[in-house]
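Some notes on the structure that comes next.
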Amino acid sequence: MIRIGALALGFFFFATVIFWSFIPGAYTHFFGEHPPKAAEKVFHLEPKDVSFSFDGPFGSWDAQQLQRGLKVYKETCAACHSLEQVSFRSLSEIGYTEAEVKAIAAEFTVPGVNPDTGEAEGRPGLPTDKFPSPYANDIAAAAANNNAIPPDLSLMPKARKGGAPYIYSLLTGYQDPPAELLQKYPEAKPGPGLNYNPYFKNLNIAMVAPLTVDGQVTYDDGTEATVDQMAKDVSAFLSWTAEPTMIERKRTGFWWIGFLIFATILAYLSKKQVWSSIKGKD
Amino acid sequence: MSFPWAKQYEPANDFTKFLDEKLPLPRFVYNAVGAGYPVPRNLNYFWNFGVLAGFCLVLQIITGVVLAMHYAADATVAFDKVEHIMRDVNYGWLMRYAHANGASFFFMVIYLHIFRGFFYSSYKAPREMIWLLGVTIFLLMMATAFMGYVLPWGQMSFWGAKVITGLFGAIPLVGEPLQIWLLGGYAPDDAALNRFFSLHFLLPFVIAGVVILHIWALHIPGSSNPTGVEIKSESDTVPFHPYYTAKDGFGLGVFLILFSIVVFYLPTMLGHAENYIPANPLSTPALIVPEWYFYPFYAILRAFTIDVTIPFTGIVLIKAQLLGVIAMFASILIWFFLPWLDKSPVRSGHYRPLFRKFFYVFLLCMAILFVCGGAPAYEPYIMLSQIATAYYFLHFLVILPIVSSIEQPKELPFSITEAVLGKDDKSVLDKPAAAKA
């Protein structure tokens, strides 16, 4: 009975598909002309090929680079972007002493309460605080930035396809729109308040180029602060903020998987040993 | 049930004797996964996935309970709580990555387990109940996984929840009130997040309960095997322990190595970057897709693009969206009827030449659905998923019943022992034809 019902249902599906295929216009969308390719399909570029010290299974943080990246963040990005998931105390992981962490935290003003009057007011940051947002709220952020809210940067390399190389490419990818684009896709011309960047998903990004001249930041360790160097350093720093436990994870994995391989070889040998007693016997 | 030659549990000391009298738990374990459970001697590595699935369930429950200690189901803090686990909780990153990727590996294992069942017809009598309980477990797993993916409250969590609960809105008349009732509002928010968290915590234990029934039902007829021939005598079997505990131990090692490579070196490979952006009801992601393990069913859902109308009148009988929802649920519910759709007396695909060919076409069909489910909704993916969806139902409803009635199966071995050794001299039931002559 079930089989008869099943056959009937199966033929019903079959008949429906056949019926649909005779509806005029059912296939025109398939064989018809495809819509012309949009500008962002043609001009979008994949992230540049750039390597970092933390790449690969045996990578590690370059503490000097992360400290340089922090400086770039503080002096350039922090004007508009928050780093809300990162607490100042965690900076000790990239080589700062307790006193230095306190000093860095104190450079920022965090929302607080006046201990005498109870009124809201800013106070200097403490190591237990997180990097504060430069804006009081989203409305203030949107109002100050032509309605484009600057996103929080804590997780950027994980929240965008392409990771750290994408951040680096975006920061160094600002350029004038190519003549071909303006000619073929006049509508794709960056509108007011937008900037052309082929690494951005729709080519037009609201953020103006943040790193424009060499020496914009003065590095404490004497490294020459070229635009390329600054972009690389801040991408590395943001990779650390996105996943401070990345290197611990890779190191733990190395020993754990090594142990597993050893244990699995033992398991294989014991399996062979156990089964040898009945192999070929009834 | 057990076979007459099954070894009996003998308590070794006073304590186990005491326990055996009052609460025979050691005896129970001994008969379930110990030396007291005779298992066919010819199981191949496809039979490892049941134990692996059980391991995954335990792993998910342990990591999940730890994560729940540090999480809060509140739409304003849920995203930050997950980051708190990643940064501040000791080995929180390990717990979270193991849990998130554990779900993916659980589904990989389950799909291999199910497709093992398809190929070797593990669903056939006398094992129908094991199969029915197994499909139930799969449905519960899908619900649990879906609700778990909502908890981090990222962009894909929010929009995935919106799309999937939106499916219920397609039901005529009661759809919209039902959707609002399920979500506790017009869109996913605190109410939805809280109930999803509650159910996501509950359902794994329901799954564990059904798994116990699944294993209980398995122990009535005993395990099937790659020849599909039932056990005839003692030489067809080996005790589960130490033979299959050893084999499963090796399988578990290989599984853990693959799993650990992903957890420690590629932990975000199977997820979506968008889910590291906090949920924002005002910004729709360019492409909303579920986790990879739902792709085939998501493709079936989206394959329906034309309303069913009365020809030439334009009166809509069934909306395309509703048809998609029905088809998606039907595509899994149809598995419940499998034991009665495939009536071939032969179980194993090794002895069914015609069935085997269609089985491989079916695998191809699933692969196409998988690719289409993760692809954006434009051509040629729509057309491909429509053809594959039609074939999916054709396979179960038309091809399987017809094949099982017209097929000439190959000759089966007399017994498992004969299949392994080429002879079977000790059979207690009947002698192989060659031995009789």
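So is residue B:423 in contact with a Ser or Thr (Cβ under 7 Å, 6 or more places away or on another chain), outside any helix (DSSP H, G or I) and within 12 Å of chain A (Cβ to nearest Cβ) or not?
no
Could you check the stretch B:357-390 and list, in sequence order, the residues that are surrounded by fewer than 19 Cβ atoms within 10 Å (Cβ to Cβ), of a type outside the set (A, V, I, L, M, F, W, C), under 23 Å from residue B:333 (Cα atoms) and in contact (Cβ under 8 Å) with a residue 12 or more places away in the chain?
The one that is surrounded by fewer than 19 Cβ atoms within 10 Å (Cβ to Cβ), of a type outside the set (A, V, I, L, M, F, W, C), under 23 Å from residue B:333 (Cα atoms) and in contact (Cβ under 8 Å) with a residue 12 or more places away in the chain: B:374.
Matching residues to (1) farther than 23 Å from residue B:287 by Cβ; (2) in contact with a Lys or Arg (Cβ under 8 Å, 6 or more places away or on another chain); (3) assigned to a helix (DSSP H, G or I); (4) among the aliphatic types (A, V, I, L, M):
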| position | (1), (2), (3), (4) |
| --- | --- |
| B:133 | yes, no, yes, yes |
| B:137 | yes, no, yes, yes |
| B:142 | no, no, yes, yes |
| B:159 | no, no, yes, no |
| B:187 | no, yes, no, yes |
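If you take the residues in the stretch B:263-308 that are of a type in the set (Ser, Thr, Tyr) and over 25 Å from the mean Cα position of the chain (by Cα), which one is farthest from the other protein chains (Cβ to nearest Cβ)?
Selected residue: B:284.
Here are some conditions: (1) under 30 Å from residue A:252 (Cβ atoms); (2) more than 9 Å from chain A (Cβ to nearest Cβ); (3) in contact with a Leu (Cβ under 9 Å, 6 or more places away or on another chain); (4) among the hydrophobic types (A, V, I, L, M, F, W, C). Residue B:229 meets all but one. Which one does it not meet?
For residue B:229, the failing item is (1).
Here is a yes/no grid of residues against (1) within 10 Å of chain B (Cβ to nearest Cβ); (2) of a type outside the set (Phe, Trp, Tyr); (3) within 26 Å of residue B:87 (Cα to Cα):
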{"site": "A:228", "(1), (2), (3)": "no, yes, no"}
{"site": "A:231", "(1), (2), (3)": "no, yes, yes"}
{"site": "A:238", "(1), (2), (3)": "no, yes, yes"}
{"site": "A:241", "(1), (2), (3)": "yes, yes, yes"}
{"site": "A:276", "(1), (2), (3)": "no, yes, no"}
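Of the conditions (1) at pLDDT 95 or above; (2) in contact with a strand residue (DSSP E or B) (Cβ under 6 Å, 6 or more places away or on another chain), residue B:53 satisfies every one except a single condition; which number is it?
For residue B:53, the failing item is (2).
On the given criteria, is residue A:142 out of contact with any Lys or Arg (no Cβ under 6 Å at 6 or more places or on another chain), free of Cβ contacts under 8 Å to residues at least 60 places away in the same chain, closer than 30 Å to residue A:44 by Cα and within 12 Å of chain B (Cβ to nearest Cβ)?
So residue A:142 fits the description; yes.
May I ask you to verify whether residue B:336 is surrounded by fewer than 19 Cβ atoms within 10 Å (Cβ to Cβ), among the aromatic types (Phe, Trp, Tyr), within 14 Å of another protein chain (Cβ to nearest Cβ) and closer than 24 Å to residue B:121 by Cα?
yes
Considering only residues of the stretch A:149-163 that are under 9 Å from residue A:47 (Cβ atoms) and more than 8 Å from chain B (Cβ to nearest Cβ), which is surrounded by the fewest Cβ atoms within 10 Å (Cβ to Cβ)?
A:162
Got at least one residue in the stretch B:197-219 being closer than 22 Å to residue B:54 by Cα and within 14 Å of chain A (Cβ to nearest Cβ)?
No, that holds for no residue.
Anything in the stretch A:246-274 that is more than 7 Å from chain B (Cβ to nearest Cβ), closer than 14 Å to residue B:249 by Cβ, of a type outside the set (A, V, I, L, M) and within 49 Å of the chain's Cα centre (by Cα)? List them, or say none.
Answer for the stretch A:246-274, where residues must be more than 7 Å from chain B (Cβ to nearest Cβ), closer than 14 Å to residue B:249 by Cβ, of a type outside the set (A, V, I, L, M) and within 49 Å of the chain's Cα centre (by Cα): A:262, A:272.
Mind checking which residues of the stretch B:24-48 are surrounded by fewer than 19 Cβ atoms within 10 Å (Cβ to Cβ) and part of a helix (DSSP H, G or I)?
B:25, B:26, B:27, B:28, B:29, B:32, B:45, B:46
Name the single residue, out of those in the stretch B:237-262 being more than 7 Å from chain A (Cβ to nearest Cβ) and hydroxyl-bearing (Ser, Thr, Tyr), that is farthest from residue B:415 (Cα to Cα).
Going through the qualifying residues, I end up with B:245.
Only one of these is closer than 18 Å to residue A:85 by Cβ, surrounded by 19 or more Cβ atoms within 10 Å (Cβ to Cβ) and modelled with pLDDT of 95 or more: B:102, B:92, B:64, B:117. Name it.
B:92
When you look at residue B:259, is it under 30 Å from residue A:84 (Cβ atoms), modelled with pLDDT of 95 or more and in a helix (DSSP H, G or I), yes or no?
So residue B:259 does not fit the description; no.
The values are calculated or read from the model by the stated rules, or taken from the named source; none is laboratory data. Model, not experiment: these values are computed from the prediction. Neighbour counts are summed over all protein chains in view; Cβ atoms, including those assigned to glycine, are modelled from backbone coordinates with ideal geometry.
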